[in-house]
Each structure stands twice: as structure tokens, then as C-alpha cells.
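S.K.: Dropping a structure here in C-alpha cells format, bear with me for questions.
The values are calculated or read from the model by the stated rules, or taken from the named source; none is laboratory data. Just so we're clear, the structure is a prediction, and the values are computed from it rather than from any experiment. As a convention, Cβ positions derive from the backbone with ideal geometry for all residues, glycine included, and neighbour counts pool all protein chains shown. Only protein heavy atoms, including side chains, enter the accessible area calculation; ligands, DNA and RNA are left aside. Shrake-Rupley method; radii C 1.70, N 1.55, O 1.52, S 1.80 Å.
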Amino acid sequence: MRAGGRTTKWLWRWRSNPLRRREDVLEAWLVLAVWAIVAVGGTLAGVITAHAADAVFAQQRAERIPVAAVLVSDTTQPGAKSYYRALAKVRWTLPDGSTRTGNTLVDTGLKAGSHIVVYTDPRGELSTRPPSRSAADLESAVLGTAAGIGTTGLVLGAGGLARLRLDRRRSRLWGTEWAMVGPKWGHKTG
């Protein structure tokens with residue numbers, strides 16, 4: 001087989017053919033568009049999502065401040081099931097000297113008066129610990145991958161539905177043409 005024959009087989013949907021219909025050409029362009037959008041759009045959606053998530057995590061690491069706090073209440077209660085972490089009341093001092101109290105999750109087994117580290121937001125309210133750099137990288141990658149896969153799934157689904165409609169239309173037109181041509185061939189055997 002010569003080299004040009006292989007290219008012709010790849011582009012069979014666009015070749016000149018007396019049996020080729022408008023729907024065949026539409027389907028060819030649809031398949032090409034779907035794969036182009038999957039390749040470019042899925043990748044772009046994943047990269048944009050990963051960068052946006054990474055920016056949010058970096059902002060959280062920059063804004064959340066570790067603050068020394070004192071445990072106001074014990075974390076274990078008699079007769080209660082012991083868990084890894086428990087909700088307890090803590091007291092902390094803001095940089096301006098004011099004192100605040102609030103409830104947060106702390107390790108179990110700590111007694112009142114224990115010193116712990118909590119994280120506060122710029123307003124001085126309790127906040128969750130910001131993700132570490134490695135945890136943020138991993139979560140950004142997972143979110144980016146999910147966005148890319150989701151975009152790919154949506155595009156492939158929409159392309160599949162469009163091809164299904166083209167197939168139904170092609171079958172309907174074929175049935176109409178067969179109904180016109182079929183009677184002309186009737187009873188000519190033998």
C-alpha cells in the first residue's frame with residue numbers, strides 16, 4: 001500500500017462518494033469537533049481548575065494565622081466514647097490584646113489548661129488549619145483531573161447524542177427512499 005492510501009483511509013468521511021449524504025459529512029465534522037474539544041477543552045478545564053484551587057489554598061495559607069490557645073474544658077468526658085478528636089472550648093489572645101473564646105476540634109485526652117495551637121482568619125475568628133503545600137498540590141491535581149474528566153464526559157455525551165440524532169435521521173431518510181424504490185423491484189424473480 002502506498003503512503004497516500006493510508007491518509008485516504010483516515011479521511012474516508014470526507015472523500016467524494018456517490019453514496020455519501022449530507023448527514024455523513026455532518027457526522028464527520030461532529031466527530032472531529034468532539035475530539036478537538038475533548039483534547040483542548042478537557043485539558044484546559046483541568047489546568048484552569050488546578051491553578052484556581054492552588055491559588056485558593058495559597059491564599060488560605062497566607063491568611064490563616066497560627067495562634068497559641070489554652071484549653072478551657074477537658075476533651076474527654078466520663079462514660080463517653082473516645083474518639084481521635086473532640087470538640088472543646090478554647091481561649092486565645094489576638095495580636096491587639098483582646099481575648100476570645102470558641103469551640104474547635106482538638107485531640108482527645110487533653111485537660112483544661114493545656115496549651116494548643118489554633119488557626120484564625122484575618123478577623124480573629126477560629127478557622128480550620130490550612131492545607132500544607134503537598135496536600136494542596138495533591139488536592140489541586142485531583143480537582144483538575146476531575147474537571148478535565150467531567151468536561152470530557154459532557155462533550156462526549158453531547159457528541160453521542162448528536163450522532164444518535166444523525167443516525168435516526170439517516171435511518172428515517174433511508175426508509176423513505178426504500179419505500180419509493182422498493183416497489184419498483186417487486187415480483188421480478190424467476
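S.K.: At 7 Å along the Cα-to-beta-carbon direction for both residue 181 and residue 93, put a label point, then send me their distance in nm to one decimal.
M.R.: 9.3
S.K.: For residue 85, what accessible surface area do you get with a 1.4 Å probe? Give it in Å², rounded to 10.
M.R.: That residue has around 100 Å² of solvent-accessible surface.
S.K.: Still on this model: Over region 44-190, calculate the relative contact order: mean separation of alpha carbon pairs under 8 Å at least 6 apart, over the residue count, as a percent.
M.R.: 29
S.K.: Rank-order 174-182, 132-140 by packing density, defined as the average count of other C-beta atoms within 10 Å over each peptide's residues, highest first.
M.R.: 132-140, 174-182
S.K.: Let me ask another. Got a sec? What order do 19, 32 fall in by accessible area at 1.4 Å, biggest, i.e. largest, first?
M.R.: I get 19, 32, largest accessible area first.
S.K.: With +1 assigned to the C-beta of every Lys and Arg and -1 to the C-beta of every Asp and Glu, and no other charges, what is the dipole magnitude of region 83-156 about the Cα centre in debye, to the nearest 20?
M.R.: The dipole of region 83-156 has a size of about 340 debye.
S.K.: Let me ask something else. So, R0 is 35 Å and r is the distance between the beta-carbons of residue 52 and residue 167; what FRET efficiency does that work out to, to 0.05?
M.R.: So, using R0 = 35 Å, E works out to roughly 0.35.
S.K.: Could you sort 73, 16 by their accessible area in this structure, using a 1.4 Å probe and putting the largest first?
M.R.: Ranking 73, 16 by accessible area, largest first, yields 16, 73.
S.K.: Take the chain, compute every pairwise Cα distance, and split them into 10 Å bins from 0; I just need the percent in each bin.
M.R.: With 10 Å bins starting at 0, P(r) equals 8, 18, 16, 14, 11, 9, 9, 8, 4, 2, 0.
S.K.: Using a Förster distance of 45 Å, how high is the FRET efficiency between residue 24 and residue 149, based on the Cβ-Cβ distance and rounded to 0.05?
M.R.: 0.90
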